[in-house]
Amino acid sequence: MIPRIYRIERRTEEYPGAFTVHLAPNGEDVVSHDFSPGQFNMLYAFGAGEVAISMSGQALPGRSHTVHTIRTRGMVTSALARLREGEEIGVRGPFGSGWPLAEAANKELLVIAGGLGLAPLRPVIYHLLNQSKPRPIPRFRLFYGARRPEEMLYRSELEAWNREMEVQLSVDHADPSWHGNIGVITKPVSSADFDPKGCVAFLCGPEAMMRFSIQVLMERGVSPADIYISMERNMKCGTGLCGHCQWGPNFICKNGPVFRYSDVRNWLGIRAL
Ligand SMILES: Cc1cc2nc3c(=O)[nH]c(=O)nc-3n(C[C@H](O)[C@H](O)[C@H](O)COP(=O)(O)OP(=O)(O)OC[C@H]3O[C@@H](n4cnc5c(N)ncnc54)[C@H](O)[C@@H]3O)c2cc1C
Ligand code: FES
C-alpha cells in the first residue's frame, strides 16, 4: 500500500513533547478516511521513516480528515514533530482491529487510560457521547492517569466530558493547582462503584499500568474475557507481511492492536525486542 499525501491543516501542542495534528488529503486525491475507534495509520515523515500512530479524532463516516496525537520519542516522531502547518505527511491505513464496542452493549463500559493511551481511546469517548438515546451502551466512565497535570492530553475536553459522564483523573505528581486524585489510576478503579459481572473494560497505556489495572479489575471480579487491551510493539509494514510485530501467535498490526485479555494473557509478560 503506497502512502497518500496529506497536509497538516492544524497542529496543536498538547504539552512539550506531545502534539496533535489534523491532516487533510492534499490536492485532487480526496478520499474518505473511514475508521473504527482503536485503529491506526502508518505516518511517513519523508526522509526519516514510518511509524504506527492511532487515530485520535472522531470516527465519522465519509470524512477525509484524520487526527493523530504523537509523542516525540525517536527519529521518526522527532521528524514529524518538526513539521509545521501546510507541510506534508504520507499516510497509509487504516490498519488493525478496533475496540469491540458491540461487546459493551447494555453493559457498563470502563475506559481506563494512562498517559498517551488516551489518544486511541478518545474516538471511543466521542462515540459514547454521540450515541443517540436510548444509548446502546447506557453507562460509561473514564479513568485517566498521567504523570503530571500538565502531561494530561485534551485538558479542555476532559472538563467538558466531566459534565456529561463520570471522569476520574489521577496524577503521579501533583502541583498546587491540582484538585483530583494523586497516585496511580488503579486506586480510583479499585474503589469505584460498578457491577463486575455487568461491565466491560477497555485499557490503553504503558504495559505496567495495563498489567496493574487488569489485576485490580480481576480482584474486583471482572472476567478476563471482559477486559480488552491495546498493544504497542515495533512495526514496519502494518499489514501482516514483515513479521516485525509478531507477539506469540499474533501479528499486532493485523490481529490487534486491540486484544481480549483472556486470549493473550500468556504473552503479556513478553517484552518488546
Ligand atoms: C498500534 C500502535 C499505535 C500507536 N499509536 C501511537 C500514538 O497514537 N501516538 C504515539 O505517539 N505513538 C504511538 N505508537 C508508538 C509509536 O509508533 C512509536 O513511539 C514510534 O514508532 C517510535 O518511533 P520513533 O521513530 O520515534 O523511534 P525510533 O526509535 O527511531 O524507531 C524507529 C522505528 O522503530 C519502530 N518502533 C520503535 N519503537 C516503537 C514502539 N514503541 N511502537 C511501535 N514501533 C516502534 C518504528 O517502526 C520506528 O519507525 C503506536 C504504536 C503502535 C504499534
Ligand atoms: S508490522 Fe509487519 S507484520 Fe506487523
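The values are calculated or read from the model by the stated rules, or taken from the named source; none is laboratory data. Bear in mind that the values here come from a model prediction, so they are computed numbers and not experimental data. Because the Cβ atoms are built from the backbone with ideal geometry, glycine has one as well, and the counts that use them run over all protein chains shown. Side chains included, ligands, DNA and RNA excluded: accessible areas come from the protein's heavy atoms. Shrake-Rupley method; radii C 1.70, N 1.55, O 1.52, S 1.80 Å.
Where both residues lie in region 145-273, what percent of DSSP beta bridges are antiparallel, nearest 5?
40
Find which of 27, 61, 15 sits farthest along the positive direction of the dipole of region 4-95, computed with +1 on the beta-carbon of Lys and Arg, -1 on that of Asp and Glu, about the Cα centre.
Working it through, the farthest residue towards the positive pole turns out to be 15.
May I ask for the percentage of alpha-carbon pairs in region 105-209 that lie more than 22 Å from each other?
Value for region 105-209: 27 percent of Cα pairs lie more than 22 Å apart.
Explain nothing, just the number: relative contact order of region 4-95, from Cα pairs under 8 Å at least 6 residues apart, as a whole percent.
Reported relative contact order: 39 percent.
Any idea what the relative contact order of the chain is, in percent, if you count C-alpha pairs under 8 Å spaced at least 6 apart?
For the chain, the relative contact order is 17 percent.
Which of the lysines could a cross-linker span from residue 236 if the Cα-Cα distance has to be under 28 Å and same-chain partners fewer than 8 positions apart are dropped?
Candidates past the 8-residue exclusion: 254.
If you put +1 on each Lys and Arg Cβ and -1 on each Asp and Glu Cβ, how big is the dipole of the chain around its Cα centre, in Debye rounded to 20?
That gives a dipole near 400 debye.
Can you pull the semi-axes for the chain, root of five times each eigenvalue of the Cα gyration tensor, sorted largest first, whole Å?
29, 21, 19
Given Cβ point charges of +1 (Lys, Arg) and -1 (Asp, Glu) and nothing else, what value in debye, to the nearest 20, does the dipole of region 176-273 about its Cα centre take?
The dipole of region 176-273 has a size of about 300 debye.
Looking only at 97, 54, 64, which one moves most when the chain is put into a Gaussian network model with springs between Cα atoms under 10 Å?
64
What residues qualify as long-range amide H neighbours of residue 108, i.e. H under 5 Å apart, gap of 5 or more or another chain, H built at 1.01 Å from N?
Excluding prolines and chain starts, which carry no amide H, the hits are 199, 200.
Output ³J(HN,Hα) for region 2-13: one whole-Hz value per residue in order, computed from phi by the Karplus curve 6.51 cos²θ - 1.76 cosθ + 1.60 with θ = phi - 60°, and x for Gly and Pro.
Running phi through 6.51 cos²θ - 1.76 cosθ + 1.60 with θ = phi - 60° gives 8, x, 8, 8, 10, 10, 6, 7, 8, 9, 10, 7 Hz.
List, in order, the whole-Hz ³J(HN,Hα) value for each residue of region 132-142 obtained from phi through the Karplus relation with A = 6.51, B = -1.76, C = 1.60 and θ = phi - 60°; use x for Gly and Pro.
Couplings: 7, 7, x, 6, x, 10, x, 10, 7, 8, 10 Hz.
So what is log10(I(q)/I(0)) for region 48-150 at q = 0.22, 0.24 1/Å, when the Debye sum runs over its Cα atoms only?
-1.30, -1.42
How many nm is it between the label spots at residue 207 and residue 63, if each spot is 7 Å from the Cα in line with the beta carbon?
Result: 3.2 nm between the two label points.
Write down the accessible area per residue of the chain in Å², having rolled a 1.4 Å probe over the full set of protein chains.
Accessible surface, normalised per residue, equals 47 Å².
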